[in-house]
Amino acid sequence: MRDVAIVGVGSTQFGRAQWSLLKMMCEASHDAIVDAAIGERKIDAVYVANMGSVRTSRQAGLASALVDRLNLFPAAAEVVENGPASGASAVKHGVQAVASGMCDLVLVCGGERMNEVNAFDATETVSYLSHRYAEYVYGVTLPALAGMFARLYMDRHGVEPRHLAMVAIKNHANGARNRKAHLRIPVTMEGILTGPDAFMNNPPVAEPLRFFDCCPVSDGSSAVLLAPAALAAEFRPKPVLVAGIGQATDCQAVHERPDPTQLPAVRLAAEKAFAMAGIGPADIDVAELHDAFTILEIAESEEAGFFAPGEGAKALERGDTALGGRLPINPSGGLKARGHPVGNTGVSQVVELALQLRGEAGDYQVAGNPERGFALNFGGFGNNVVATVLKGGV
Amino acid sequence: MTRTLFDWDAGEPLTPEEERMIDELEAKLRPPALPMAPYPPKAITLASGEVMVVRQASTDEVDTMLRIIEPVMWLKRDFFDIVAARLFGELLAWKLHRVRNEYCLVGVVDGELAGIVNGRLVDEKHGMSYHTLTLKRGLRVGAHLFASKMEHHIEFLGQDEVWIVAESPIGHRRWMIEYPLEEKFDVQHELGGAPSWVLTRETYFKAKERLVSGTRPVPEELLARSWPIREPDLRVMLVQVEDLLESRI
Amino acid sequence: MAGTVDAARCRACARLTYPTHYYCPACGGREFEPVPIEGEGTLLTWTRVHALPLDYEQRYITLGIVELDMGIRATGRLEMGDPAIGRRERA
């Protein structure tokens, strides 16, 4: 296998799209191509990550459409759909194509335009991820699964509502520094939990989860350009390397899992990615985790091996995961504040880590020249998880 | 006669005789008004920790509000355009005495306008809700102000019902489910074709604990800072209004 | 909770599964017989969901996962007014 380098990254503003889904994807792709400075070299393949374009934008065959707009003929083109983990899955396919020697330059572009449909429709679309006959028909949505998970997890591990609020406060504070984030509003403990008006500010969504425990419905596109490390040396000195990727699946109906407070697919995906990279959780300097719900950041930080079971909330409380902490988690604001354009999220996490490892994250740059990054992209409710380990240019 | 931005055809000042005649005609155009209890101001701590004062606006503040609303009329998103355009007309009508029993509440954060709600009294017992315009988004300012408006109608103006329609389907559906509102299809709402929905005294008091917040009295010094309304940087405001959406998956 | 929903019992190893799978998760068998989901169980976790998709007119619905005495778990609507982890519930 060849070593694979990330030679270019690009991202649109997250939030509400100014343009069509395809135009957003063109913007992000263009930025990645320009960033890579590939000159006259041709792109061999395009992988697009998206979950709902057929429903939200009435566009199927998104990858072929993107090749058309970007004039990349006759590049190979496919859409990768893996729910909220589509992004990391598409990156994985791109990495496989380059590592195998089948392709040299590969563009991976994620894009989602959720706000083309109203919020109720978006909830509906995302709830299609649940088991159609054992969950969906009873009104189960992703927040419902997260709410049930949160109640049991909090009961067993002594996690309190204030810990969930701390995740929101941390990630909103980080998002406020990221000019491409969807929500650039800092929030406070008084405002969302302890103050007299907190209940109205932060109403229940899926108890015990409240409004500020859930990520927003976002539009956005991100792109990375991949190349064999040997070729990358010709035009992009010191590129970021994809050191490891791991993926694991689990039961679709959450109640069938042996222990519904554990996320074994997270643990297995992380273990595989670390094994491939030849490093461990202790070597990671910065992480982007899938905090679609605040409880998930705490649970994932344990399952991925950064903290012992039950210790995630304590690490958070100590400030270990803050921007200036020992292991900053979600310096970009995470899904919570940067936003969650569903199919694009995994690509955007990789873009954020690449910026951190290049030292180009600006106002939310992790100090001390981080060298190794970890991303976790969580599909369904933990039934398909992709972990990625990146290494900075040596 | 003070001239504002909106007296486009200013012309020459009137003679006293002309002014007297116009006053007589003017008096015929002005509707009689019901006495209306004032809205006691309250303070709400937002999610951001910022404190929003909700207070009654006066007609002296209309011109400032119009300057802030005007660019929003061109925002073709989430029905901001129609809400802003109608609110512009309603506030102007209020200032120029062309509408009966209108009131306007504003949410102000450190002098900056966060949102506007308005409505009017149809008669002593029935209220007509007009509009809710949120300028500071992502912090549930609209929900707070809509609740304040209902509070004003039922608790301070002592009304039995408030008639409501919404421009935005999402806003409509949220209120329908949250309060919940009831059908009042025999009443024609003033905002156009859609049949009215109604919030009754009974549904209000059932929802109050859940939906109405805020603390009274507002400390003097804090209240003082809610005057005058400062015009926000309109460009920044518009970007914020457009970018921040409050829905969750 | 669910009215007339069936779990599946593997004809080869008698393992009960809900929902059904193509292969038995225990022995890989492909022959199953339906077993109605019934009896009592213990509430494992629950939530009141306020963010509902289209077609819901309620303010919220209550959902939970119940560990049934018959040996499976099921997700569904809860009718009880004051759910709590560990409470008994009828299928």
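Going by the structure shown, is residue A:366 touching a strand residue (DSSP E or B) at 6+ places or on another chain (Cβ under 7 Å), under 20 Å from residue A:169 (Cβ atoms), surrounded by fewer than 24 Cβ atoms within 10 Å (Cβ to Cβ) and in contact (Cβ under 8 Å) with a residue 60 or more places away in the chain?
So residue A:366 passes the test.
Return the residues of the range C:53-67 that are more than 7 Å from every other protein chain (Cβ to nearest Cβ) and more than 23 Å from residue B:178 (Cα to Cα); say none if nothing qualifies.
Once the filter is applied, which keeps residues that are more than 7 Å from every other protein chain (Cβ to nearest Cβ) and more than 23 Å from residue B:178 (Cα to Cα), the range C:53-67 yields C:66, C:67.
Applying the selection to the range C:30-52, what residues are in a loop (DSSP other than H, G, I, E, B), more than 8 Å from chain A (Cβ to nearest Cβ) and modelled with pLDDT under 95?
Listed by number, the residues that qualify are C:37, C:38, C:39.
Residues that are in contact with a strand residue (DSSP E or B) (Cβ under 6 Å, 6 or more places away or on another chain) and more than 14 Å from chain B (Cβ to nearest Cβ): which helices (runs of 4 or more DSSP H) entirely in the range A:21-140 hold 2 or more of them?
A:21-36, A:62-70, A:86-99
Run down B:113, B:139, B:181 and say which single residue is without any contact (Cβ under 8 Å) to a residue 24 or more places away in the chain and either under 30 Å from residue A:183 (Cβ atoms) or charged (D, E, K, R) (or both).
B:181
Output the residues belonging to the range A:167-218 that are at the interface with another protein chain (Cβ under 7 Å from one of its Cβ atoms), of a type in the set (S, T, N, Q) and surrounded by fewer than 24 Cβ atoms within 10 Å (Cβ to Cβ).
Hits for the range A:167-218 are A:188, A:202.
If I filter the range B:63-76 for residues that are within 26 Å of residue B:25 (Cα to Cα), assigned to a helix (DSSP H, G or I) and among the hydroxyl-bearing types (Ser, Thr, Tyr), do I get at least one hit?
Within the range B:63-76, none of the residues are within 26 Å of residue B:25 (Cα to Cα), assigned to a helix (DSSP H, G or I) and among the hydroxyl-bearing types (Ser, Thr, Tyr).
Quick check on the range B:47-76: of everything there that is of a type in the set (Ser, Thr, Tyr) and out of contact with any helix residue (DSSP H, G or I) (no Cβ under 6 Å at 6 or more places or on another chain), which residue is nearest to residue A:166 (Cα to Cα)?
So the residue we want is B:64.
Only one of (1) in a helix (DSSP H, G or I); (2) within 14 Å of chain C (Cβ to nearest Cβ); (3) surrounded by fewer than 24 Cβ atoms within 10 Å (Cβ to Cβ) is not met by residue A:145, so which one is it?
(3)
For the condition more than 8 Å from every other protein chain (Cβ to nearest Cβ), modelled with pLDDT of 95 or more, buried (at least 24 other Cβ atoms within 10 Å of the Cβ) and out of contact with any strand residue (DSSP E or B) (no Cβ under 6 Å at 6 or more places or on another chain), what is the one hit in A:225, A:164?
Going through A:225, A:164 in turn, the sole match is A:164.
Report yes if residue C:25 is assigned to a strand (DSSP E or B) and either on the phi < 0 side of the Ramachandran plot or of a type outside the set (S, T, N, Q) (or both), otherwise no.
Considered against the rule, which asks whether it is assigned to a strand (DSSP E or B) and either on the phi < 0 side of the Ramachandran plot or of a type outside the set (S, T, N, Q) (or both), residue C:25 comes out as no.
Which members of the range B:208-238 meet the condition of being under 21 Å from residue B:150 (Cα atoms) and surrounded by 14 or more Cβ atoms within 10 Å (Cβ to Cβ)?
B:208, B:210, B:211, B:212, B:213, B:214, B:215, B:218 - these are the residues of the range B:208-238 that are under 21 Å from residue B:150 (Cα atoms) and surrounded by 14 or more Cβ atoms within 10 Å (Cβ to Cβ).
Residues being surrounded by fewer than 20 Cβ atoms within 10 Å (Cβ to Cβ) and either away from chain A (no Cβ under 12 Å) or free of Cβ contacts under 8 Å to residues at least 40 places away in the same chain (or both): count how many of those fall in the range C:68-78.
Residues in the range C:68-78 being surrounded by fewer than 20 Cβ atoms within 10 Å (Cβ to Cβ) and either away from chain A (no Cβ under 12 Å) or free of Cβ contacts under 8 Å to residues at least 40 places away in the same chain (or both): 3 in total.
The values are calculated or read from the model by the stated rules, or taken from the named source; none is laboratory data. Only a predicted model underlies this, so the values are computations on that prediction, with no experimental measurement involved. Every residue, glycine among them, receives a Cβ derived from its backbone with ideal geometry; neighbour counts consider all protein chains shown.
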